[in-house]
Structure formats: structure tokens, C-alpha cells
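Reading through the C-alpha cells given below for one structure.
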Amino acid sequence: KENITLIVLGRSPKLLEDLVADCMRKAETVGVTVNEWNSKDQIWQAVGKIEGYNLDSIALDADIRSFFCAELDKFNGERDFLLRNGLPHKLTFMLHGLSGSGKTALVRALSGQFKLNLFAVNLARVTFSTNSLASMLRGLPRNSLLLMEDFDEAGGVASRGKLSSIHDGSDKRKDDDDAYHGGVMDIIGQGDKSEILNFLDGVVPLDGVIIVLTTNVAVKLDAAMMRPGRIDHVIDLPRI
């Protein structure tokens with residue numbers, strides 16, 4: 001991290017305020033930052049910028065585009081109401097679809113369209129723990145988009161039935177111990193489930209944060225995940 005210390009003679013903070021405002025205006029003209037989670041150091045690291053990339057840059061169904069634009073515009077207008085009533089100002093989407101359906105491209109386009117700094121973590125590549133989750137969330141500034149890829153890799157998110165498609169609504173169970181205890185259930189801990197639910201509930205205060213969870217397999221989520229205020233919308237993206 002780089003730190004800059006400024007010392008100004010006098011009591012008026014106007015000079016510093018003008019400087020900060022000028023820096024913010026310049027930052028808005030050069031795009032939004034892309035940050036990745038460094039699990040070793042438990043910090044977010046800037047890895048690039050999104051410049052000139054928005055919803056016009058990708059092939060996207062018109063209805064899906066209209067849906068996201070309407071939801072994010074609504075979200076931006078309800079901050080005062082939510083905070084006044086003690087609720088976190090966050091919005092959570094689940095994107096699912098086969099590889100190549102454009103989930104990551106859509107998230108990047110949303111980030112560029114709405115000027116949201118992007119914070120990305122792939123749960124299949126990092127060690128997921130209570131401490132790391134808390135550190136991730138506390139490091140998020142206002143007006144951020146948090147992308148959590150391969151969300152189904154996090155312990156505690158699947159139903160207690162066999163992993164199955166949410167398209168057909170099945171929730172199959174197998175009675176034999178090899179299938180039931182040797183597969184899905186081994187990666188599910190009650191502690192994991194509790195932490196995931198707390199995260200989706202907004203126990204760590206979030207202000208102006210859009211959360212997007214993605215999965216390549218249409219996993220049957222635990223019913224507790226789908227309560228309003230946790231995962232607000234589940235969107236199926238057809239393969240392009």
C-alpha cells in the first residue's frame with residue numbers, strides 16, 4: 001500500500017477537500033478498478049481497470065439487460081430508506097449457466113456501465129474461512145461490485161439432497177451411506193452454513209455493495225439461502 005501525507009498550514013480544510021474532489025473527478029474519467037483477493041495476505045489488490053466497457057460491449061438478451069438496469073437504478077434510489085431502517089444497502093444476484101454463457105463478461109459490463117469498482121474472488125481457488133470472509137467484506141468501499149465465482153465450491157451452500165439442477169426442481173436423496181456421506185455432505189458443515197447465511201444477511205455492514213454469485217452447474221441451493229434479502233434474484237444465462 002502507498003500512503004501520502006499532506007500537511008497544510010491554517011485551519012481551513014478547503015484546500016484538501018478541493019484536492020480530493022479533483023482526484024475523484026480524474027478517477028471517474030479513467031474507468032473503474034478491478035481488484036482480486038489475495039488470500040495469503042488477506043487483502044484486496046488492484047490488478048487493472050475497466051475502461052470503455054459496458055453493456056453495449058457484450059451480446060446480451062434485451063430482457064436481461066432491461067432487468068439489470070431497472071434493478072440497479074432502483075437499488076441506487078433506496079439507500080436512504082434502507083439505512084434509515086437499519087438494513088444493509090446491498091443487492092445479491094445469483095448467475096448460473098454453463099461455461100461460455102458470459103457470466104463474468106456480464107459482471108464486468110455491469111461494473112463499467114454503473115461505475116462500480118469490481119472486487120473478484122474465485123472460491124475454487126482460495127481457502128474459504130470465516131476470517132477471510134470477514135476480511136473480504138470489511139475491505140469493500142461504498143459503490144462496489146463483489147464477484148464471487150464458483151459459489152457452489154463454498155461449503156454450506158448446497159441443499160442436504162444430492163447436487164441437482166434447479167431447472168427441474170429435483171431434490172434427490174440417496175439412502176446409502178457411500179452416496180450420502182461420501183459426497184456432498186462431507187463438504188457441508190453447520191459452521192460453514194451459518195457463516196454463509198450471516199454473509200448473505202449482511203451481518204457485516206455493507207453500504208452500496210452489489211454482490212454477484214456465479215456457478216457453472218445449476219446447483220440446488222439450500223432453501224435457507226433463498227430467503228428474500230439473502231439472494232434476491234437468480235438469473236439463468238443461456239449459452240451464447
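What follows draws every value from the coordinates through simple rules; no lab data is involved. Here the structure is a predicted model, which means the values were calculated and not measured. When we count neighbours, we look across all protein chains shown, and the Cβ atoms used for this are built from the backbone with ideal geometry, even at glycine.
Is the shape of segment 70-146 rounded, prolate or oblate, going by the alpha carbon gyration tensor and its root eigenvalues a ≥ b ≥ c, with a/c under 1.5 for rounded and a/b larger than b/c for prolate? Oblate, since a/c reaches 1.5 and b/c is not below a/b.
Of the trypsin sites (Lys or Arg not before Pro) found in segment 1-82, those in coil by DSSP whose Cβ has at most 14 other Cβ atoms within 10 Å are 1, 11, 40.
Normalised Debye scattering of segment 62-102 at q = 0.26 Å⁻¹ gives log10 I(q)/I(0) of -0.93, counting only Cα atoms as equal scatterers and leaving out solvent. Estimated from the Cβ-Cβ distance and a Förster radius of 41 angstrom, the FRET efficiency linking residue 14 and residue 138 is about 0.85.
Compute and list, largest first, the equivalent-ellipsoid semi-axes of segment 1-148 from the alpha carbon gyration tensor, each √(5λ) rounded to a whole angstrom. Could the numbers behind the result be given before it?
Numbers: eigenvalues 171, 88, 62 Å².
Those come to 29, 21, 18 Å.
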